[in-house]
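This report refers to the structure that appears directly beneath it.
The values are calculated or read from the model by the stated rules, or taken from the named source; none is laboratory data. The shown structure was predicted, so the numbers you read here are calculated from the model rather than taken from an experiment. We place every Cβ from the backbone using ideal geometry, glycine too, and count neighbours over all the protein chains shown. For accessibility, only protein heavy atoms count, side chains too; no ligands or nucleic acids. Shrake-Rupley method; radii C 1.70, N 1.55, O 1.52, S 1.80 Å.
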Amino acid sequence: MALNDIKFIKGQGGLGRPLEGEDFISGLLFYSASLPSGFTTTTRIQQVFSLADAENLGIVKTYSDETKATGTVTIGVIGSDGNTIQILVAEPKVGGGTTSVDLGTFTKTAAETTVTLLAAAMVLTINNGTSTHGYTATNLAGVITITARPGIGVGLNTGTPLSVNTTGSLAASVTAQFTGGVGSKLAVMHYHVSEYFRIQPQGNLFIGIYTVPSPYVFTEISLMQTFAKGKIRQIGVYKDSAAFTTADITAIDIVNKALGELHMPLSALYAADMVSVTNLATLTDLGLLTANTVSAVIAQDGRAEGAALFIAYGKSITNLGATLGAVSLAAVNESIAWVAKFNMSNGTELDTIAFANGQLYSALSSNLISQLNTYRYIFLRVFVGRAGSYYNDNHTSIAISSDYAYINDNRVIDKAIREVYASTLPNLNGSLLLNANGTLTDVQAAAIEVDANVGLGNMQNNQELSDYSTVIDQTTSVQTTSKVFITISIIGVGVGRNYEVKIGYTTSLTA
């Protein structure tokens with residue numbers, strides 16, 4: 001028996017050292033009229049390697065950019081000594097319903113001889129409890145103005161959350177319910193950056209923040225990719241200032257394909273405001289589009305931080321940051337719906353899942369969920385008997401019959417193109433040995449093939465593709481056309497999207 005001892009197990013990944021290669025390099029595009037402290041009108045793109053880096057640039061969850069809602073309670077009659085006044089706020093609760101927040105109760109004494117003095121005493125009671133409930137108050141001639149706590153944003157702007165209770169002859173009433181609250185955009189940005197690094201701790205993220213355009217044409221993607229010198233492989237586009245539309249998906253795809261022509265291909269994840277979509281069955285079939293470089297993300301947290309932000313911000317939050325992290329974490333050939341690798345819940349965030357209009361996943365019928373999958377949206381699902389949340393698939397916005405119907409299809413072909421481009425580029429405008437009829441010699445064709453295969457061989461070794469074939473056309477006269485024709489065929493790595501198991505009884509397992 002071994003002696004008692006203290007055993008140490010070395011951790012891995014805590015230093016956030018960069019990964020090899022560039023497949024994980026990502027971008028996040030936000031639109032905002034105001035900028036965090038580390039951004040300016042001439043410095044709209046910053047590269048970060050951790051959440052702390054982003055926080056140092058002013059992307060923080062302090063709610064400093066939030067406009068806090070205010071409401072008023074007016075003292076009408078001071079009443080008698082011993083009478084009480086209590087002010088309550090019914091805050092919207094994550095998951096539905098409200099939570100009653102008690103701002104305090106004051107009991108009138110002989111010192112409160114006017115409505116102004118009584119209101120001042122109640123204000124002092126409220127402010128003494130600010131460290132507990134977060135609310136503050138001021139007094140003007142018996143009118144108590146109450147300012148909401150940080151982080152509630154628009155959550156108090158509707159309904160009648162403010163109430164007052166009195167006893168005896170003391171009289172007070174709510175003269176204005178809460179209005180004017182505006183949620184923190186920085187908190188939403190912080191959430192998506194945080195979720196990206198939660199899923200991909202060794203991420204490399206370019207963050208771009210631009211003014212809200214009219215119309216949206218998404219040229220900002222080109223600006224970010226050019227700034228990154230073509231290194232961004234996947235980008236998340238968060239459009240919160242206007243509603244979700246398939247026209248956006250088409251516009252993003254046009255930008256992406258133009259970048260592809262410039263040897264800077266990338267895949268995009270699109271998330272926009274869906275609060276007004278009361279019936280998810282009305283969403284358009286994305287399989288009718290031809291935007292294979294774009295995927296629509298419509299999932300959202302249902303009971304944790306994302307859900308709280310949804311209440312405070314009043315717009316779809318989505319799980320864009322986490323989805324971008326998943327794509328960044330995945331090898332180019334992998335689907336982010338791979339159950340063994342991509343559990344998106346940490347036990348709290350994304351453990352209860354919803355859609356971007358606030359509807360819980362559990363509230364939708366199986367038929368509607370199947371339709372959303374058939375319509376090629378990306379969302380989260382659950383499995384019976386397995387904890388966590390998982391993607392339904394990694395669809396792109398094109399027909400399922402397309403060779404590029406999934407994110408992994410596009411990432412593999414984009415990487416293959418980059419690899420062949422990099423290894424073949426040195427040959428451009430170089431000398432070529434020809435046969436007497438002007439066609440390539442066998443030796444010259446073999447040399448071109450070797451160069452073209454360098455990156456493809458590495459991809460095969462890394463199991464990012466199963467096999468490939470490179471054929472150099474030796475029938476065309478190079479002297480006549482000045483062109484070398486290369487045909488590359490790739491066998492990808494399969495994704496087991498469905499399994500069919502036959503099971504039954506037998507009387508014997510022997511032949």
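Quick notes on this structure:
- Test: Lys257 is surrounded by fewer than 19 Cβ atoms within 10 Å (Cβ to Cβ), touching a Leu at 6+ places or on another chain (Cβ under 9 Å) and either basic (Lys, Arg) or in a loop (DSSP other than H, G, I, E, B) (or both): no
- Complete set of residues in the stretch 313-362 that are open to solvent by 10 Å² or more (accessible area, probe 1.4 Å) and under 28 Å from Ala69 (Cα atoms): Tyr313, Gly314, Lys315, Glu349, Asn357, Gly358, Gln359, Leu360
- So Thr130, is it under 18 Å from Phe178 (Cβ atoms) and under 45 Å from the mean Cα position of the chain (by Cα): yes
- Criterion: under 20 Å from the mean Cα position of the chain (by Cα) and over 21 Å from Tyr313 (Cβ atoms) - qualifying residue of Ser241, Ser276, Ser267: Ser267
- Qualifying residue in the stretch 91-113 (condition: touching a residue at least 60 places away in the same chain (Cβ under 8 Å), under 15 Å from Ala148 (Cβ atoms) and open to solvent by 50 Å² or more (accessible area, probe 1.4 Å)): yes
- Flag if Asn408 is part of a helix (DSSP H, G or I), out of contact with any strand residue (DSSP E or B) (no Cβ under 8 Å at 6 or more places or on another chain), surrounded by 23 or more Cβ atoms within 10 Å (Cβ to Cβ) and among the polar types (S, T, N, Q): yes
- Extreme residue, nearest to Glu419 (Cα to Cα), among residues of the stretch 191-209 that are open to solvent by 30 Å² or more (accessible area, probe 1.4 Å) and in contact with a Leu (Cβ under 8 Å, 6 or more places away or on another chain): Gln202
- Scanning the stretch 145-190 for residues that are part of a loop (DSSP other than H, G, I, E, B), under 30 Å from Gly321 (Cα atoms) and either of a type in the set (Phe, Trp, Tyr) or open to solvent by 30 Å² or more (accessible area, probe 1.4 Å) (or both) gives Arg149, Pro150, Asn157, Thr158, Gly180.
- Among the candidates Ser194, Ser222, the residue that is free of Cβ contacts under 8 Å to residues at least 40 places away in the same chain, of a type in the set (Ser, Thr, Tyr) and not in a strand (DSSP E or B) is uniquely Ser222.
- Filter result (part of a loop (DSSP other than H, G, I, E, B), within 24 Å of Gln177 (Cβ to Cβ) and of a type in the set (A, V, I, L, M)) within the stretch 59-77: Ala69
- Those residues of the stretch 224-242 which are open to solvent by less than 10 Å² (accessible area, probe 1.4 Å) and among the aliphatic types (A, V, I, L, M), in sequence order: Met224, Ala228, Ile232, Ile235, Val237
- Criterion violated by Val384 - all others in (1) on the phi > 0 side of the Ramachandran plot; (2) open to solvent by 60 Å² or more (accessible area, probe 1.4 Å) satisfied: (1)
- Hits in the stretch 447-464 - residues which are surrounded by fewer than 21 Cβ atoms within 10 Å (Cβ to Cβ) and part of a loop (DSSP other than H, G, I, E, B): Asn462, Gln463
- Lone unmet requirement of (1) among the hydroxyl-bearing types (Ser, Thr, Tyr); (2) free of Cβ contacts under 8 Å to residues at least 60 places away in the same chain; (3) under 21 Å from Thr284 (Cα atoms) for Thr348: (3)
- Identity of the residue in the stretch 128-144, touching a Gly at 6+ places or on another chain (Cβ under 9 Å) and over 16 Å from Thr72 (Cβ atoms), that ends up most open to solvent (accessible area, probe 1.4 Å): Asn128
- Residue ID - nearest to Asp414 (Cα to Cα), chosen from residues in the stretch 243-254 that are crowded, with 22+ Cβ neighbours inside 10 Å and touching a residue at least 40 places away in the same chain (Cβ under 8 Å): Asp253
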